[in-house]
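Input: a single structure, listed below in structure tokens.
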Amino acid sequence: MNRESENKVDWLALWMSGDLARFCFINLGILLYATNETMVATVMPAMVGELDGVQLVGWSLAIYELGAITAGAAAGRLVTYVSLRSNMTVAALLYAAGALVSAVAPSMTQFLAGRLIEGLGGGALVSLAFISVERLFPRNIWPQLFGVMSAIWGIAAFSGPMIGAIMVGLLSWRWAVGIFTLGGIAVALASLTVLNTAGASRPQASGDAAPPFPYGALGCLAVAVVLIATAGVDIALLRSTLLLCLGLIGLALFVRVDGLRPRSRLFPSNLFSWRSPVGNGMTMVAAFSVATCSFGIYGPLLLTTLHQIPLLTTGYIIAAESISWSILSILVANAPLHRERSIIVVGALMIACGIAGFAYTIPAGSISLILLCALLQGGGFGVALPFLTRVIVASAGEGEQTIASAAVPTMQRIGYAVGAAVAGIIANASGFSDGLSREAAATVAGWLFLAFVPLGIVGCLAALRMSLTATRPEMAAG
């Protein structure tokens, strides 16, 4: 009973001490980042109508995620040398600058430059939010605070499409993007007053405690994703094939370089080995992350072009995917651990059904069936991911549990970036390279989702294999 009372959050005490205001404030960074992520997909049809550049749509997520991955990795190391308050202020201003560059962009290229800057600032804000909890709040209430932070993502998923659709309807897509400039400036100004505690206003004591920054690995990753994305901009058999092959080699080199740097590595050992639960689990995360980002990028554009479905409707279908993720994650949280392997397999099958279902429902235009596929895809992640993460962390080698716990969201981000680049190749090769039209959209809708079905199958096989290796230690050890 005493332990339960110790772990219970005294919200009144947090309010009286000012810590509740600080906690609400650090969540604004998550809200800005996640809201922007879902909002941009909603305004994409209006933006492409003005700027053209439909060939570069896939870059909008790829470049955003690349910035977030890099900044997220850097933030955990920078707080050793620079105060949390200064880091938060700079990250918020960087985010605001990126939003402004995107809002005034005369071309898709400049819009993407703004997205990269936004990703850097937003990725740092998200990472700093989690660091803030560890630095500023008692350890015994971390689970409850992290639970609230997870709920923020659901709120952002709901509000992003609404903000985008309303701003496009009343003003323009530029206002929808540019309003985040004000949000970034507000967070930067508030950082100076809200983060006024000793833990937030000075760096950590030991300057040599931080692991080195993974420059080589992240450099390989950035080059690889850019090469893959470039392969799909102007489709030519020899050129595109060469760039794609170089990009895949770059991804392999990224994994290799990361494994050679134990102190700065982003992933645990046996990253994609099908002989261990860690390798199977990370394979599953990578396969499904790559395979599921197409709908979030191209869904509104295809549904608006093919079936004249309103922007708000398409936005909320995307939001439903994230909301089902959050709700089902909460519902299965208390499931018994001996059921975790079967739950992971069920989640994997749900995701795969969603991927395959989009290949039929997007061309057909049935809103109810499209919504069902979105719920399956998002809900599958919500069902599987909590238990999948636990198995990966529990199965990691000695001293690699911390790396393994951070590796799952990092792999998701990398998967989204690579998936967005590959989706751009498929979309442009199947019609968008000639511009946006109803005929091109019909062809793209047929191929874009079907092409990722094999990865969905790989994800299911990895889930099944993991359930076997997790129950048969001799296989995992082999």
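Take the residues in the range 272-285 that are over 12 Å from T389 (Cα atoms) and in contact (Cβ under 8 Å) with a residue 60 or more places away in the chain, then tell me which one is farthest from the chain's Cα centre (by Cα). Looking at the filtered set, the residue picked out is R275.
From the list I351, I343, the lone residue that is β-branched (V, I, T) and over 18 Å from the mean Cα position of the chain (by Cα) is I343. Condition (residue is buried (at least 20 other Cβ atoms within 10 Å of the Cβ), at pLDDT 85 or above and part of a helix (DSSP H, G or I)) applied to the range 429-436: is it met by at least one residue? Looking for residues that are buried (at least 20 other Cβ atoms within 10 Å of the Cβ), at pLDDT 85 or above and part of a helix (DSSP H, G or I), one finds none in the range 429-436, hence no. On the stretch given as the range 37-63, residues that are in contact with a Gly (Cβ under 9 Å, 6 or more places away or on another chain) and not in a helix (DSSP H, G or I) total 3. For Q110, the test of being surrounded by fewer than 23 Cβ atoms within 10 Å (Cβ to Cβ), part of a helix (DSSP H, G or I), over 18 Å from the mean Cα position of the chain (by Cα) and at pLDDT below 70 is failed.
Taken over the range 438-472, the criterion of being free of Cβ contacts under 8 Å to residues at least 40 places away in the same chain and either farther than 21 Å from G53 by Cα or out of contact with any Ser or Thr (no Cβ under 7 Å at 6 or more places or on another chain) (or both) is satisfied by E439, A440, A451, P454, L461, L468, R472. Pairs meeting the criteria (first residue in the range 303-328 and of a type in the set (V, I, T), second residue not in a helix (DSSP H, G or I), beta carbons under 7 Å, at least 6 apart or on different chains) are T305/L436. Run down A21, A34, A13 and say which single residue is surrounded by 21 or more Cβ atoms within 10 Å (Cβ to Cβ), out of contact with any His (no Cβ under 7 Å at 6 or more places or on another chain) and either part of a helix (DSSP H, G or I) or modelled with pLDDT under 80 (or both). Going through A21, A34, A13 in turn, the sole match is A34. When R202, R239 are checked against the criterion of being among the basic types (K, R), at pLDDT below 70 and out of contact with any Cys (no Cβ under 6 Å at 6 or more places or on another chain), a single residue qualifies: R202. Return the residues of the range 84-101 that are at pLDDT 90 or above and farther than 10 Å from A188 by Cα; say none if nothing qualifies. Within the range 84-101, A97, G98, A99, L100, V101 meet the criteria.
The values are calculated or read from the model by the stated rules, or taken from the named source; none is laboratory data. Keep in mind that this is a model prediction, so the values were computed, not measured. Don't worry about glycine lacking a Cβ; one is built from the backbone with ideal geometry, like all the others, and counts go over all protein chains shown.
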